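J.: Supplied in structure tokens, the structure appears directly below.
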Amino acid sequence: MNSIKFSVVIPLYNKRDCIERAINSVVAQSYEADEIIIIDDGSTDDSADIVSTLNISNVKLVKQANQGVSEARNAGANIAKNEFIAFLDADDTWSPFFLNSIADLINQYPNMGLYATRYQKVYGDNDYKDAKIALTQWDANGYEMDNYFAVAASGDLPFTMSSIVVRKSTFDELGGFPRGEWMGEDQSFYVNFALYSRIAYSPLIESFYFQGTQNSACDKAPPKELCPFAERLLDDVKAGRISPKLEQMVLKYVGAHICDLAKRHIKHGSYDYAAQLLSNPVSRTKPVHWSFYKLVSTPMSIFSKAA
């Protein structure tokens, strides 16, 4: 019998085409989940009906008015009965060994607040690509990741919301997901754990992050200003609340965020906004990225004004 019990929380909003796939990947785990909590966040399609017709004994479907993904995740975590909570977005999936890998990490590192694995990005139906994560060490048995900001600033984020498990007591202590923030809420969550808790990590690929699905974050227009988590980090650095050991990596992490926003604005044709973001001196902590995006955005900004 499995001594470590997992509650799985799946936020659901209009994902009729993929919710069954996500649930099936949980049911197929070699290490069985104790409960699967699905928070239907005011879906206007038949997503919730699809969940009901699956008739899976350990699935709990909870409906609420639309409040956003953070509130849906918080609601699921609040009713979870177990100490370990795994999050899975409705358009993503796990390998059959995800929970088993996490259980191994918990046994090896029992005092961590967050446990995570590597992931692949999935484009279309069957185009799997490794996330470009700048790992500084490799141990198939897992290890403590004590350099989150350095890793995240140098490539793709080391994990996604669908490749993490958190300790419920730590989740509660850190206040869960931010309320009233509609962009960057995932990174805000990761930052809290990186600053105030500890992270155990497996470099094994056990999660699959599907790109471009309906109602995904990729569909949203990029914000015109820094996301709140980045603004808070800059305030913390200015106020001396970030340790000197982390300060430069935190600034580089924010710089990477600024350059990523600028890239997204360029893709959307919003060259003026890209140039405005790149005027922030923190963006120069990523000099190669800054130089390229500045080169692309500045001339187009001039041309658009001339027109």
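The values are calculated or read from the model by the stated rules, or taken from the named source; none is laboratory data. All figures in this text were calculated on a predicted structure; none of them were measured in a lab. Positions of Cβ are generated from backbone atoms using ideal geometry, with glycine treated the same way; all protein chains shown enter the neighbour counts.
J.: Name the residues in segment 172-186 that are among the aromatic types (Phe, Trp, Tyr) and buried (at least 18 other Cβ atoms within 10 Å of the Cβ), would you? Quick ask: steps written out before the conclusion?
T.: First, pick out the residues of segment 172-186 that are among the aromatic types (Phe, Trp, Tyr): 177, 182.
Residue satisfying the conditions is Phe177 alone.
J.: Can you work out which of the residues in segment 201-242 that are at pLDDT below 95 and among the hydroxyl-bearing types (Ser, Thr, Tyr) is farthest from the chain's Cα centre (by Cα)?
T.: Checking each candidate, the answer is Thr213.
J.: Something else: Give me a count of the residues in segment 252-262 that are surrounded by fewer than 19 Cβ atoms within 10 Å (Cβ to Cβ) and free of Cβ contacts under 8 Å to residues at least 40 places away in the same chain.
T.: First, the residues of segment 252-262 that are surrounded by fewer than 19 Cβ atoms within 10 Å (Cβ to Cβ): 252, 260.
Among the residues that remain, those that are also free of Cβ contacts under 8 Å to residues at least 40 places away in the same chain are: 260.
Count: 1.
J.: While we're looking at this one, here's another question. So which residues in segment 46-59 are surrounded by 14 or more Cβ atoms within 10 Å (Cβ to Cβ) and either touching a Lys or Arg at 6+ places or on another chain (Cβ under 8 Å) or within 23 Å of Leu105 (Cα to Cα) (or both), if there are any at all?
T.: Hits for segment 46-59 are Ser47, Ala48, Ile50.
J.: If you check every pair at least six apart or on different chains, which have Cβ atoms under 7 Å apart with a residue in segment 79-96 that is within 14 Å of Ile36 (Cα to Cα) first and a residue that is hydrophobic (A, V, I, L, M, F, W, C) and in a loop (DSSP other than H, G, I, E, B) second?
T.: Partner pairs satisfying both residue conditions: Phe84/Ile4; Ala90/Cys18; Trp94/Leu88.
J.: Scan Val166, Val191, Val151 and give me the residue that is part of a strand (DSSP E or B) and assigned by TED's automatic domain parsing to the domain that holds Gln29.
T.: Values: Val191 fails: part of a strand (DSSP E or B); Val151 fails: part of a strand (DSSP E or B).
Answer to the check: Val166.
J.: Separate question: Being out of contact with any Asp or Glu (no Cβ under 9 Å at 6 or more places or on another chain) and at pLDDT 95 or above is true for just one of Thr170, Thr160. Which residue is that?
T.: That would be Thr170, the only listed residue that is out of contact with any Asp or Glu (no Cβ under 9 Å at 6 or more places or on another chain) and at pLDDT 95 or above.
J.: Out of segment 175-188, which residues are assigned to a helix (DSSP H, G or I) and free of Cβ contacts under 8 Å to residues at least 60 places away in the same chain? If you could, list the steps in order and put the result at the bottom.
T.: Step one: of segment 175-188, the residues assigned to a helix (DSSP H, G or I) are 185-188.
Scanning segment 175-188 gives Asp186, Ser188.
J.: Enumerate the pairs (first residue in segment 224-251 and surrounded by fewer than 19 Cβ atoms within 10 Å (Cβ to Cβ); second residue anywhere and at pLDDT below 95 and part of a helix (DSSP H, G or I)) with beta-carbon separation below 6 Å, excluding pairs fewer than 6 apart on the same chain, so at least 6 apart or on different chains.
T.: Lys224/Tyr273
J.: In segment 35-62, which residues are within 23 Å of the chain's Cα centre (by Cα) and among the acidic types (Asp, Glu)?
T.: Residues satisfying the conditions are Glu35, Asp40, Asp41.
J.: I've got another one for you. Every residue in segment 94-132 that is closer than 26 Å to Cys18 by Cα and assigned to a loop (DSSP other than H, G, I, E, B), please.
T.: Passing the criteria: Ser95, Pro96, Phe97, Gly124, Asp125, Asn126, Ala131, Lys132.
J.: Within segment 108-117, identify whether any single residue is at pLDDT below 95 and surrounded by fewer than 16 Cβ atoms within 10 Å (Cβ to Cβ), and answer yes or no. Give the steps one after another, and end with the answer.
T.: Residues of segment 108-117 that are at pLDDT below 95, as a first pass: none.
No; the residues of segment 108-117 include none that is at pLDDT below 95 and surrounded by fewer than 16 Cβ atoms within 10 Å (Cβ to Cβ).
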